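In what follows, a single structure is set out as structure tokens and then discussed.
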Amino acid sequence: MANLEPKLLERINNWLSPTFDEDTQKTIKKLLDSNLKELEESFYRDLEFGTGGMRGIMGPGTNRINKYTLGKNTQGLSNYLHKIFRNETIKVAIAYDCRHNSKSLAKLVAEVFSANGIKVFLFEDLRPTPELSFAVKHLDCHCGIVLTASHNPPEYNGYKVYWQDGGQLVPPQDAEIIEEINTVDYTNIKFNANTELIQYVGKDVDDVFINASVNNGSFNTSQHAKDNLNIVFTALHGTSIITLPDTLKRAGYKNVHIVEEQAKPDGDFPTVKSPNPEEPEALKMALELADKVNGDIVIGTDPDSDRVGIAVRDLNGDLILLNGNQTMLVMTDFLLKQWKNEGKLKGKEFIGTTIVSTPMMIELANAYNTECKIGLTGFKWIAKMILDFPELDFIGGGEESFGYMVGDFVRDKDAITSALLACEIAAQANAKGSSFYKELIALYVKHGFYKEHLISLTKKGIEGAKEIKQMMIDARENPLSSINNSQVIRIEDYQLSIAKDMVNKTQEHIDIPKSNVLIYYTEDGSKIALRPSGTEPKIKFYISVNTTLNDASNFEETNKILDSKIKSIINELKLA
């Protein structure tokens, strides 16, 4: 104990008081005797809300996910709801994924809400995150909670908060709620449930959500085209198994091969290193099954079913996992084309994306005389666009991290409807002698060949957080003047809200909420963004390069040129 700072020791001793249960105290005492480093990690700060809510390792402590940190969140949120919605019957919806303790933590959160006189709709079993977003509006709730840590490792869990529109918390509610939570002492948490205020929901909401997904994700694909599409699907031990097979079935897709070894929800994710469809290794079993059954398209979803990974056949007939930018481009162009063909493009529509996603989304929007709105990383900002511009119709939008949203009936990234949309695109493309991959190449020919690559550096714990902080400080204090022999012509600093024109030596204000992001633009059209993750102990480098593609026959050769360019940038920035 002599090695612990007084402030830290004070925090720890507080958790050894009668406010906290015996099991919590026992675990802390054990750490005091055997693992001071782990104890310090557990208490050195309060777990914070990031781009996707609050995520952390489960265990006792202020920097951990447990009944007390989530109880404090829920008590603060309850206090805020009563302040904002005076004299109203306040309602919340709660869902949870397959992670360890998600069910018990969801029940605990429901009990705290009910103890505060708030009506709770609690899903009877695990459900996808997009269904919770949908349920908030469908059940006319004031807010919603999902217990999930998305694709983080098994030791993590998390707490996402949704507002009345079905989107995640954004300004000003986020800061106001955090301020309210910070005023709550652990002794003030009301844990004694009013069970009369807790109502379990399930199939009744499922049916409406699945039908809405089919209505929003289907686009006049012939039954013959659907019958000829061979689909392989893996839930990666997550929640999509509850709704995606039914969604595809109701939409008319019969040839769906499920990776059975990954179909059962399991918080240990036993068959993968990481349940993240962004990583090719996670889809290994699905790709093997697709080769066995001659699949046309592979679909993989993360544990809470908001991210979707899509693999399709390339020009050589080999299965290739597309990145989030590529699927987003094909999906967005398809939707724009549908709207145009139906005469629905009236000049009052928009698509949405993020500052670290492919710049090619702007090219697509321009081609259809449609606006492309760009926000910070995280789907809450795309949901906020819909909220802020009610006079405009939202067509669709996405971000590079394998998230996409079709229309606005769900206000978060939605792997269920997006997976159906991908199948519609693939089926229609195959029926006309094309393919999902060829449709992507056709977009490159038409709008320019943009290629993106992501480097994530993991820096765990207290030292890792310091290292990430220093890397961003160094990048700001010593800005690059050129990258890969191309002059840096513009630097955008979203923390300072300043964009600098490095050629004319001028600067302008960035009218987007502050965020710890730095973006370089070079003379040859390259774009490099640096950003610490808001939900994982990582710093991310987003690289985008582009050139013209005169003809589809030159795709392979041009692809190699862009790969080489990306490799040079990685080497120069010492990210390899």
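The values are calculated or read from the model by the stated rules, or taken from the named source; none is laboratory data. Bear in mind the structure is a predicted one, so any value in this text is a computation, not a measurement. FYI the Cβ positions are ideal-geometry reconstructions off the backbone, even for glycines, and counts take in every protein chain you see. Areas reflect the complete protein model, heavy atoms only, side chains present, ligands, DNA and RNA absent. Shrake-Rupley method; radii C 1.70, N 1.55, O 1.52, S 1.80 Å.
Do you know which residues across segment 341-385 are under 17 Å from Met331 (Cβ atoms), open to solvent by less than 20 Å² (accessible area, probe 1.4 Å) and among the β-branched types (Val, Ile, Thr)?
Within segment 341-385, Ile351, Thr353, Thr354, Thr358, Thr370, Ile382 meet the criteria.
Those residues that are more than 29 Å from the chain's Cα centre (by Cα) and open to solvent by 50 Å² or more (accessible area, probe 1.4 Å), I need them from segment 221-242; list them, please.
Ser222, Gln223, His224, Asp227, Asn228
Can you name every residue in segment 17-46 that is surrounded by 12 or more Cβ atoms within 10 Å (Cβ to Cβ) and either closer than 15 Å to Asp185 by Cα or among the hydroxyl-bearing types (Ser, Thr, Tyr) (or both)?
Those that are surrounded by 12 or more Cβ atoms within 10 Å (Cβ to Cβ) and either closer than 15 Å to Asp185 by Cα or among the hydroxyl-bearing types (Ser, Thr, Tyr) (or both): Thr19, Phe20, Thr24, Thr27, Ser42, Tyr44, Asp46.
From the list Lys514, Lys500, which one is closer than 30 Å to Pro171 by Cα, open to solvent by 20 Å² or more (accessible area, probe 1.4 Å) and touching a Leu at 6+ places or on another chain (Cβ under 9 Å)?
Details: Lys500 fails: touching a Leu at 6+ places or on another chain (Cβ under 9 Å).
Exactly one residue qualifies, and that residue is Lys514.
Tell me yes or no: at least one residue of segment 16-28 is among the hydroxyl-bearing types (Ser, Thr, Tyr), in contact (Cβ under 8 Å) with a residue 24 or more places away in the chain and part of a loop (DSSP other than H, G, I, E, B).
Here is the first cut: in segment 16-28, the residues among the hydroxyl-bearing types (Ser, Thr, Tyr) are 17, 19, 24, 27.
Subsequent filtering for residues that are in contact (Cβ under 8 Å) with a residue 24 or more places away in the chain retains 19, 24, 27.
Now drop any that are not part of a loop (DSSP other than H, G, I, E, B), which leaves 19.
Looking through segment 16-28, at least one residue is among the hydroxyl-bearing types (Ser, Thr, Tyr), in contact (Cβ under 8 Å) with a residue 24 or more places away in the chain and part of a loop (DSSP other than H, G, I, E, B).
Look at segment 416-457 and say how many of its residues are modelled with pLDDT under 95 and outside any strand (DSSP E or B).
0
For every residue, the table says whether it meets (1) in contact with a Phe, Trp or Tyr (Cβ under 9 Å, 6 or more places away or on another chain); (2) modelled with pLDDT of 95 or more; (3) farther than 17 Å from Leu197 by Cα.
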| position | (1), (2), (3) |
| --- | --- |
| Ser78 | yes, yes, no |
| His82 | no, yes, no |
| Ile90 | yes, yes, no |
| Ala95 | yes, yes, no |
| Ser102 | yes, yes, yes |
| Ala106 | yes, yes, no |
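Would you please list the contacts, defined by Cβ atoms under 6 Å and residues six or more apart or on different chains, that run from a residue in segment 203-217 that is closer than 12 Å to Asp246 by Cα to a residue that is among the acidic types (Asp, Glu) and part of a helix (DSSP H, G or I)?
Pairs found: Phe209/Glu131; Ile210/Asp246.
Only residues in segment 380-400 that are within 19 Å of Leu169 (Cβ to Cβ) and outside any strand (DSSP E or B) count as the first member; pair them with residues that are open to solvent by less than 20 Å² (accessible area, probe 1.4 Å) and among the basic types (Lys, Arg), Cβ under 9 angstrom, at least 6 apart or cross-chain, and list the lot.
Filtered contacts from segment 380-400: Ile382/Lys413.
Can you pull out every residue in segment 51-84 that is out of contact with any Lys or Arg (no Cβ under 8 Å at 6 or more places or on another chain), open to solvent by 20 Å² or more (accessible area, probe 1.4 Å) and among the hydrophobic types (A, V, I, L, M, F, W, C)?
Ile84
Return the pair list, or none, for Cβ contacts closer than 7 Å from residues in segment 178-201 that are touching a residue at least 12 places away in the same chain (Cβ under 8 Å) to residues that are open to solvent by 80 Å² or more (accessible area, probe 1.4 Å) and assigned to a loop (DSSP other than H, G, I, E, B), at least 6 apart or on different chains.
Close Cβ pairs (under 7 Å, with a partner that is open to solvent by 80 Å² or more (accessible area, probe 1.4 Å) and assigned to a loop (DSSP other than H, G, I, E, B)) amount to Tyr200/Glu124; Val201/Glu124.
Taking the condition of a type in the set (Val, Ile, Thr) and at pLDDT 95 or above, does Thr506 pass? Show your work before the answer.
Numbers: of a type in the set (Val, Ile, Thr): yes; at pLDDT 95 or above: yes.
It is true that Thr506 is of a type in the set (Val, Ile, Thr) and at pLDDT 95 or above.
Out of all the residues in segment 132-149, which are touching a helix residue (DSSP H, G or I) at 6+ places or on another chain (Cβ under 8 Å) and under 22 Å from Ile65 (Cβ atoms)?
Here is the first cut: in segment 132-149, the residues touching a helix residue (DSSP H, G or I) at 6+ places or on another chain (Cβ under 8 Å) are 134-135, 138-139, 141-148.
Once the filter is applied, which keeps residues that are touching a helix residue (DSSP H, G or I) at 6+ places or on another chain (Cβ under 8 Å) and under 22 Å from Ile65 (Cβ atoms), segment 132-149 yields Cys143, Gly144, Ile145, Val146, Leu147, Thr148.
Condition first: in a helix (DSSP H, G or I) and farther than 22 Å from Gln338 by Cα. Can you find one or more residues in segment 307-324 that meet it? So that I can check it myself, show each step before the final result.
Taking segment 307-324 first, the residues in a helix (DSSP H, G or I) are 324.
Okay, now just the ones that are also farther than 22 Å from Gln338 by Cα, so none.
Among the residues of segment 307-324, not one is in a helix (DSSP H, G or I) and farther than 22 Å from Gln338 by Cα, which makes the answer no.
Which residue pairs have Cβ atoms under 6 Å apart, sit 6 or more places apart or on different chains, and have a first residue in segment 530-553 that is under 16 Å from Ala475 (Cβ atoms) and a second that is small (Gly, Ala, Ser) and open to solvent by 30 Å² or more (accessible area, probe 1.4 Å)?
Listed by first residue and then by second, the contacts come to Lys538/Ser456; Lys540/Ser456.
Which one of Asp563, Asp551 is over 30 Å from Asp174 (Cβ atoms), loosely packed, with under 13 Cβ neighbours inside 10 Å, modelled with pLDDT of 95 or more and acidic (Asp, Glu)?
On the way: Asp563 fails: loosely packed, with under 13 Cβ neighbours inside 10 Å.
When all the criteria are applied, what remains is Asp551.
So is Asn571 farther than 24 Å from His447 by Cβ and open to solvent by 20 Å² or more (accessible area, probe 1.4 Å) or not? Walk me through how you get there before you give the answer.
Values: farther than 24 Å from His447 by Cβ: yes; open to solvent by 20 Å² or more (accessible area, probe 1.4 Å): yes.
Taking the combined requirement at face value, the residue satisfies it.
Of the numbered conditions (1) surrounded by fewer than 16 Cβ atoms within 10 Å (Cβ to Cβ); (2) free of Cβ contacts under 8 Å to residues at least 24 places away in the same chain; (3) within 27 Å of His453 (Cβ to Cβ), Glu279 satisfies every one except a single condition; which is it?
(1)
Can you spot a residue in segment 452-459 that is open to solvent by 30 Å² or more (accessible area, probe 1.4 Å) and farther than 30 Å from Thr239 by Cβ? Explain how you work it out, then say what you get.
If we filter segment 452-459 for residues that are open to solvent by 30 Å² or more (accessible area, probe 1.4 Å), which is where we start, we get 453-454, 456-459.
In the following step, the residues that additionally are farther than 30 Å from Thr239 by Cβ were identified as none.
Checked against the condition, which is being open to solvent by 30 Å² or more (accessible area, probe 1.4 Å) and farther than 30 Å from Thr239 by Cβ, segment 452-459 yields no hits at all.
Filter segment 463-485 down to the residues that are part of a helix (DSSP H, G or I) and open to solvent by 30 Å² or more (accessible area, probe 1.4 Å) and list them by number. Write out each step before concluding.
Here is the first cut: in segment 463-485, the residues part of a helix (DSSP H, G or I) are 463-477.
Once the filter is applied, which keeps residues that are part of a helix (DSSP H, G or I) and open to solvent by 30 Å² or more (accessible area, probe 1.4 Å), segment 463-485 yields Glu463, Ala465, Lys466, Glu467, Lys469, Gln470, Met471, Ile473, Asp474, Arg476, Glu477.
Kindly list the number of the only condition in (1) open to solvent by 30 Å² or more (accessible area, probe 1.4 Å); (2) at pLDDT 95 or above that fails for Tyr494.
Of the numbered conditions (1) open to solvent by 30 Å² or more (accessible area, probe 1.4 Å); (2) at pLDDT 95 or above, the odd one out for Tyr494 is (1).
For Gln507, work out the one condition from (1) without any contact (Cβ under 8 Å) to a residue 60 or more places away in the chain; (2) in contact with a Pro (Cβ under 6 Å, 6 or more places away or on another chain) it doesn't fulfil.
(2)
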